[in-house]
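These notes are about the structure you will find just below.
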Amino acid sequence: MNLSVLLGKRALGALLAGFLMLQGCAVGPKADVLKYSSHDLGVLCFGGVSKVRLTYGGAPHKLLNGKGDAAPQKTLADATRIPGFLYGTYDTFVGPIDMQWRSRDGSELSHAVDLNKEIAGRHIPYDHPERVYAAKPFVGKPVIIVEFDDRTVKVYLAATLQVIPLDAAKPTLDHVQSRTLVFSRTL
């Protein structure tokens, strides 16, 4: 085999390996890419709730505790919102979320949610895991969002994912929002 053919094969092999790594194909199973071991916690309140108390991982949080405090009505823009203020980073999952709140009619409500039972595995659901940038799949940390709306409590799992663009000529990664309802209960 002549030297130019040998060098050409090696260069082609290196180019192919680099392409596969850029595409995330050479870095283990895709399920592991979307796995997370810690998350942030966010709370959203709507529908006139007040006196919200939440304990997670031993940390108590209080919202809307002042006299006359009540949450606004939920808008269409709120349906996909991630809280601007987060309550810190927690190991996934550090115990139940214990919640108490007052509904619009003044009823004192309480509930507990065990995320280990509600969220199967510790993976972010995404329809195209083959596009996820394996070297750094997340922008920030995944967020557990607890939403109170009058007599209903919902829990969402949200994350911003970095994905390889469909247009191979695009020099930057795309950011995709993932938001999945994992629990809902009306009391």
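Of the residues that make up the stretch 64-86, is at least one within 18 Å of L41 (Cβ to Cβ), touching an Asp or Glu at 6+ places or on another chain (Cβ under 6 Å) and surrounded by 14 or more Cβ atoms within 10 Å (Cβ to Cβ)? Taking every residue of the stretch 64-86 in turn, at least one turns out to be within 18 Å of L41 (Cβ to Cβ), touching an Asp or Glu at 6+ places or on another chain (Cβ under 6 Å) and surrounded by 14 or more Cβ atoms within 10 Å (Cβ to Cβ). Mind checking whether some residue in the stretch 98-112 is modelled with pLDDT under 95, out of contact with any helix residue (DSSP H, G or I) (no Cβ under 8 Å at 6 or more places or on another chain) and open to solvent by 50 Å² or more (accessible area, probe 1.4 Å)? Looking for residues that are modelled with pLDDT under 95, out of contact with any helix residue (DSSP H, G or I) (no Cβ under 8 Å at 6 or more places or on another chain) and open to solvent by 50 Å² or more (accessible area, probe 1.4 Å), one finds none in the stretch 98-112, hence no. What are the residues in the stretch 78-118 that are touching a residue at least 60 places away in the same chain (Cβ under 8 Å) and under 14 Å from S38 (Cβ atoms), if any? Within the stretch 78-118, just L115 meets the criteria.
Would you point out which residue out of T186, T172 is of a type in the set (V, I, T), more than 26 Å from L76 (Cα to Cα) and open to solvent by 40 Å² or more (accessible area, probe 1.4 Å)?
Numbers: T186 fails: more than 26 Å from L76 (Cα to Cα).
Going through T186, T172 in turn, just one is of a type in the set (V, I, T), more than 26 Å from L76 (Cα to Cα) and open to solvent by 40 Å² or more (accessible area, probe 1.4 Å): T172.
Going residue by residue through the stretch 50-63, is there one that turns out to be in contact with a strand residue (DSSP E or B) (Cβ under 8 Å, 6 or more places away or on another chain) and at pLDDT below 85? The answer is no, given that none of the residues of the stretch 50-63 is in contact with a strand residue (DSSP E or B) (Cβ under 8 Å, 6 or more places away or on another chain) and at pLDDT below 85. Give the residue that is surrounded by the most Cβ atoms within 10 Å (Cβ to Cβ), with candidates limited to residues of the stretch 122-165 that are free of Cβ contacts under 8 Å to residues at least 24 places away in the same chain and in a loop (DSSP other than H, G, I, E, B). Restricting to residues being free of Cβ contacts under 8 Å to residues at least 24 places away in the same chain and in a loop (DSSP other than H, G, I, E, B), the top hit is P165.
The values are calculated or read from the model by the stated rules, or taken from the named source; none is laboratory data. If you're wondering where the values come from, they're calculated on a predicted model, not measured in any experiment. Don't worry about glycine lacking a Cβ; one is built from the backbone with ideal geometry, like all the others, and counts go over all protein chains shown. When the accessible area is computed, the model is the full protein with side chains, heavy atoms only, and any ligands, DNA or RNA have been set aside. Shrake-Rupley method; radii C 1.70, N 1.55, O 1.52, S 1.80 Å.
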